[in-house]
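Encoded as structure tokens, the structure appears first; notes follow it.
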Amino acid sequence: MGGEGEIDGLLKWLEESGRALELRTIRAFRRYAEVQHSVHYADKHSGKVRESDVLARFYGPRGGDRLAHLDVVIECKTGKPGSQWVAFLDGTSPFRFNLDQDAWVTAREPAKGGSRFVEAWKWYPPFTERVNASSIVTAHDGRDTAHAAIEQCRSAVDGQIEYVVGHEDEPYYRQDDETGIEQRWSTIDAGVLGLVITTVPLFVADLDEDNAPRVKPVEIVAVPSRRQSSPKRIFVANETALTRVVMELHKAADRL
């Protein structure tokens, strides 16, 4: 049996490594989504096998034997004590959710359901109260963990997109919520978006009217990645907004 000091050391490691954050994220998403932990995928550019932290799949309402689903690829990141993530305000982009920029959806003709995300999120998209950033950096830490998290998440998003494309015509089996009976369903439409959950305090920076810098705390920002293919932005949320994030994604999927 481990001693008290050994257990304390493990608890500290769980928090500092981000594993505890992964567990809290999984618990929060499992209330409304099917969740996988430590998902392996092949990096689109290097070909190396990598691992994403969490994958949450939200299902839309059933239409006969066909469903739409939203896959949320999640990276969980902690940081050096005393560090902050600072996002620089992008004053050229509207804050409203932009499907072309913020998510990837299957490119199918409307007759087969390809317009379902467009129609469902035209007026009520997820993350309406967020900030668009031009970039994000890490303050008071020798490593730029914020930028690395964005690119890691974007790599995992590409991996999930390839998986969805490769399996979109395959039927799958899922337990019916009402009857409890496992049924054979097919995908009518699918979407993928990227999300970073962090324990690091999140701020947005810009200039005031006198050109002096100013910062303010925020809970959710949308940050562009280096890659130009859809989605071009990754969402970043502080853990304090985790419950809100899950509810917004649940409601957004429920409109599909």
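The values are calculated or read from the model by the stated rules, or taken from the named source; none is laboratory data. The model shown is predicted, which means the values in this text are computed figures rather than measured ones. Neighbour counts are summed over all protein chains in view; Cβ atoms, including those assigned to glycine, are modelled from backbone coordinates with ideal geometry. Areas reflect the complete protein model, heavy atoms only, side chains present, ligands, DNA and RNA absent. Shrake-Rupley method; radii C 1.70, N 1.55, O 1.52, S 1.80 Å.
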Of the residues in region 224-235, those that are modelled with pLDDT of 95 or more and not aromatic (Phe, Trp, Tyr) come to ILE234
For PRO231, only one of the following conditions fails: (1) open to solvent by 50 Å² or more (accessible area, probe 1.4 Å); (2) touching a residue at least 40 places away in the same chain (Cβ under 8 Å); (3) not in a helix (DSSP H, G or I). What is its number? (1)
Among the candidates LEU89, LEU67, which residue alone is in contact (Cβ under 8 Å) with a residue 40 or more places away in the chain and open to solvent by less than 10 Å² (accessible area, probe 1.4 Å)? LEU67
All positions within region 1-38 that are surrounded by fewer than 18 Cβ atoms within 10 Å (Cβ to Cβ), outside any helix (DSSP H, G or I) and aliphatic (A, V, I, L, M): MET1
List pairs: first residue in region 35-53 and without any contact (Cβ under 8 Å) to a residue 24 or more places away in the chain, second residue among the hydrophobic types (A, V, I, L, M, F, W, C) and open to solvent by 30 Å² or more (accessible area, probe 1.4 Å) anywhere in the structure, Cβ distance under 7 angstrom, at least six positions apart or on different chains. HIS40/VAL49; VAL49/ALA42
Scan region 115-147 residue by residue and report those that are among the small types (Gly, Ala, Ser), within 29 Å of ASP206 (Cβ to Cβ) and open to solvent by less than 40 Å² (accessible area, probe 1.4 Å). ALA133, ALA139, ALA146
Residue under evaluation ILE220, criteria (1) in contact with a Ser or Thr (Cβ under 9 Å, 6 or more places away or on another chain); (2) open to solvent by less than 50 Å² (accessible area, probe 1.4 Å); (3) farther than 25 Å from PRO61 by Cβ, criterion not met: (1)
Looking at VAL200, is it assigned to a strand (DSSP E or B) and touching a strand residue (DSSP E or B) at 6+ places or on another chain (Cβ under 8 Å)? no
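One residue is enough: does region 190-200 have a residue meeting the conditions closer than 26 Å to GLU51 by Cβ, within 17 Å of the chain's Cα centre (by Cα), open to solvent by 10 Å² or more (accessible area, probe 1.4 Å) and modelled with pLDDT of 80 or more?
For region 190-200, residues closer than 26 Å to GLU51 by Cβ, within 17 Å of the chain's Cα centre (by Cα), open to solvent by 10 Å² or more (accessible area, probe 1.4 Å) and modelled with pLDDT of 80 or more: present.
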Would you confirm whether any residue within region 206-214 is more than 17 Å from the chain's Cα centre (by Cα) and touching a residue at least 60 places away in the same chain (Cβ under 8 Å)? yes
Failed item in (1) assigned to a strand (DSSP E or B); (2) among the hydrophobic types (A, V, I, L, M, F, W, C); (3) touching a Phe, Trp or Tyr at 6+ places or on another chain (Cβ under 8 Å), with ALA237 passing the rest: (3)
Could you say which residue among ASP65, ASP53 is in contact with a Ser or Thr (Cβ under 9 Å, 6 or more places away or on another chain) and at pLDDT 90 or above? ASP53
